[in-house]
Amino acid sequence: MSVLAWIVLGLIAGFIASKLVNRTGGSLLLDLILGVVGAFVGGFLFTRFGAAGVTGLNIYSILVAIVGAVVVLFIYHALVGRRAL
């Protein structure tokens, strides 16, 4: 899969994951960037657990990327929330 496809997939996943994790409308740009990172994380996690990772621009790959983006966003917001306290 090309780097451009990873970025597009990550942006889509980041947008959806930001709506799932942070419903209050936080920093959309940051959530999109973390979504791109989450696409890589999702592919890594799924291959580690024996499932197929990101295979292209399809529904399964978007779901994998969303799972990774949710994980990354959840960890990020947990860390930032603790720092603010």
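Could you check G56 against (1) of a type outside the set (D, E, K, R); (2) at pLDDT 75 or above; (3) out of contact with any Leu (no Cβ under 7 Å at 6 or more places or on another chain) and say which number it fails? Tallying (1) of a type outside the set (D, E, K, R); (2) at pLDDT 75 or above; (3) out of contact with any Leu (no Cβ under 7 Å at 6 or more places or on another chain), G56 fails exactly one: (2).
Scanning segment 12-29 for residues that are under 15 Å from V70 (Cβ atoms) and either at pLDDT 75 or above or aliphatic (A, V, I, L, M) (or both) turns up I12, A13, G14, F15, I16, A17, S18, K19, L20, V21. The set of residues in segment 30-53 being modelled with pLDDT under 80 and in a loop (DSSP other than H, G, I, E, B) consists of G50, A51, A52, G53.
Summed over segment 64-81, residues that are surrounded by 15 or more Cβ atoms within 10 Å (Cβ to Cβ) and either in contact (Cβ under 8 Å) with a residue 60 or more places away in the chain or aliphatic (A, V, I, L, M) (or both) total 9.
The values are calculated or read from the model by the stated rules, or taken from the named source; none is laboratory data. Computed from a predicted model, the values in this text were never measured in an experiment. Virtual Cβ from ideal backbone geometry, glycine too; neighbours counted across all protein chains shown.
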